[in-house]
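Right, one structure below, let's go through it.
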Amino acid sequence: MSTRPRFVRVTHLEAKMSTVALVGTSSFDRFFNPAHDALQRRGHGVARFVTREQLLAAVDALQSLEILGATSSFAADRELFARMPRLRALVSPFTGVEGFDVSAATENGILVANGQIAENTVSMAEAAVLFTLASLYDLHGTERHLRENLPRPSQVRARMLMGKTVGLIGFGKIGQAIAERLSVWGVRLVASVRTTRSMPAYITSQSLDEVLATSDVVIMAAALTPESRGMLDLDALRRMKPDVVFVNITRGGIIPDDTLATLAAERPAMRLALDVFDPEPLKEDSPLRDLPNAILTPHMVGHTVESQMRLREAFCENLLAVAEWRVPEYVVNPSVIEPWLGKQDSPQL
């Protein structure tokens with residue numbers, strides 16, 4: 001007999017019994033199934049929805065649901081908050097919360113939790129280093145010579161990382177982990193940051209224009225926010241060196257795919273290494289697919305066994321914590337914690 005949890009949509013009669021909704025396609029069942037089981041074992045009601053439209057169609061359920069677990073691209077906005085008067089927590093299984101209106105959630109006293117686990121940060125940092133080296137050393141081109149029995153080229157294409165300037169756009173947890181690992185590689189590290197902060201001795205803060213213009217390797221490490229979406233247009237990217245290595249392992253919406261494809265086609269010495277796109281999956285007719293100087297992976301290069309296991313655990317832990325009025329370990333909007341805890345005694349909940 002299958003042990004797969006039976007997810008049911010909330011009906012009028014069931015609505016008052018359900019306090020938690022999990023929203024996402026079956027591809028995320030590896031996160032939702034354990035969370036569903038863990039919540040039910042502790043006596044919490046759980047409803048499962050595949051799409052936002054299905055959730056919004058469950059009018060009665062919206063009135064009683066208190067906690068929403070959803071994938072990072074899920075549109076949790078003011079409209080949703082207005083239709084879920086008892087909502088008090090949003091939980092993403094991943095680090096990203098680009099679909100969540102965190103400002104509106106904070107205004108409404110809704111706590112936002114995510115998967116800011118160390119394993120994910122380190123996995124993504126290691127993947128960025130992998131992409132950088134594979135690009136500099138022309139790994140795929142070198143493989144091609146063996147697989148197709150091609151003669152050795154008259155000139156080698158591989159370049160050393162040592163002695164290069166590596167520029168980070170963004171210096172959050174992933175950017176910091178990348179810099180920490182590269183700090184012993186004999187490179188010059190620079191970073192573009194939005195807010196002034198203290199920086200490690202091995203990295204220098206620069207403007208975005210300076211990072212783009214002076215770096216041999218540019219690594220996109222910024223989160224996707226309303227402010228960062230589309231922040232790098234063609235004019236900005238043309239400031240980069242003709243033979244730059246451009247790596248993106250965070251989110252695709254920061255740079256339009258067609259813009260990158262145009263630039264890489266103009267500059268055959270440029271090398272791209274991309275794990276993220278906008279939209280995803282990468283369009284079948286995207287010009288990026290035809291570029292010989294691009295490494296393309298489907299938003300999974302930094303997804304390791306270790307990080308995925310810990311993300312599942314953290315998702316369960318975060319959901320159980322908010323369901324039981326405990327502050328979860330990974331909070332996106334910590335300013336809401338004190339008023340959020342004060343809601344516990346509210347007669348409306």
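At a glance:
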{"item": "Count - residues of segment 250-288 that are part of a loop (DSSP other than H, G, I, E, B), modelled with pLDDT under 95 and among the β-branched types (Val, Ile, Thr)", "result": "2"}
{"item": "Flag if Glu338 is part of a helix (DSSP H, G or I), surrounded by 12 or more Cβ atoms within 10 Å (Cβ to Cβ) and without any contact (Cβ under 8 Å) to a residue 60 or more places away in the chain", "result": "no"}
{"item": "Close pairs from segment 249-271: first more than 29 Å from Val122 (Cα to Cα), partner part of a loop (DSSP other than H, G, I, E, B) and modelled with pLDDT of 95 or more, Cβ under 6 Å, at least 6 apart", "result": "Arg267/Pro242; Ala269/Pro242; Ala269/Asp243"}
{"item": "Test: residue in segment 181-196 that is under 30 Å from Val97 (Cβ atoms), at pLDDT 95 or above, among the aliphatic types (A, V, I, L, M) and not in a strand (DSSP E or B)", "result": "yes"}
{"item": "From Ala213, Ala158, Ala223, Ala201, residue being under 23 Å from Pro256 (Cα atoms), at pLDDT 95 or above and open to solvent by 20 Å² or more (accessible area, probe 1.4 Å)", "result": "Ala213"}
{"item": "Every pair of residues 6+ apart whose Cβ atoms lie under 7 Å, when the first sits in segment 60-82 and is open to solvent by 50 Å² or more (accessible area, probe 1.4 Å) while the second is in a helix (DSSP H, G or I)", "result": "Asp60/Ala15; Gln63/Ala15; Arg78/Ala104"}
{"item": "Close pairs from segment 172-187: first open to solvent by 30 Å² or more (accessible area, probe 1.4 Å), partner at pLDDT 95 or above and aromatic (Phe, Trp, Tyr), Cβ under 8 Å, at least 6 apart", "result": "Ser183/Tyr202"}
{"item": "All positions within segment 85-113 that are touching a strand residue (DSSP E or B) at 6+ places or on another chain (Cβ under 6 Å), open to solvent by less than 10 Å² (accessible area, probe 1.4 Å) and either closer than 18 Å to Arg310 by Cβ or not β-branched (Val, Ile, Thr) (or both)", "result": "Ala89, Leu90, Val91, Ala105, Leu111, Ala113"}
{"item": "Every pair of residues 6+ apart whose Cβ atoms lie under 6 Å, when the first sits in segment 299-312 and is among the β-branched types (Val, Ile, Thr) while the second is part of a helix (DSSP H, G or I) and open to solvent by less than 40 Å² (accessible area, probe 1.4 Å)", "result": "Val301/Ala127; Thr304/Ser123"}
{"item": "Counted residues, segment 29-59 - those being touching a residue at least 40 places away in the same chain (Cβ under 8 Å), over 16 Å from Ala89 (Cα atoms) and aliphatic (A, V, I, L, M)", "result": "2"}
{"item": "Within segment 1-37, considering residues that are among the basic types (Lys, Arg) and farther than 21 Å from Leu311 by Cα, the one modelled with the lowest pLDDT", "result": "Lys16"}
{"item": "Unmet criterion (only one of (1) assigned to a helix (DSSP H, G or I); (2) in contact with a Leu (Cβ under 7 Å, 6 or more places away or on another chain)) for Ala213", "result": "(2)"}
{"item": "Residue in segment 158-165 that is assigned to a helix (DSSP H, G or I) and either in contact (Cβ under 8 Å) with a residue 12 or more places away in the chain or more than 29 Å from Thr304 (Cβ to Cβ) (or both) present", "result": "no"}
{"item": "Failed criterion for Thr132 (all others in (1) in a helix (DSSP H, G or I); (2) open to solvent by 70 Å² or more (accessible area, probe 1.4 Å) hold)", "result": "(2)"}
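The values are calculated or read from the model by the stated rules, or taken from the named source; none is laboratory data. These figures come from a predicted structure and were not determined experimentally. Counting neighbours? That spans all protein chains shown, and the Cβs are built from the backbone with ideal geometry, glycine included. With ligands, DNA and RNA removed, areas are computed over all heavy atoms of the protein, side chains included. Shrake-Rupley method; radii C 1.70, N 1.55, O 1.52, S 1.80 Å.
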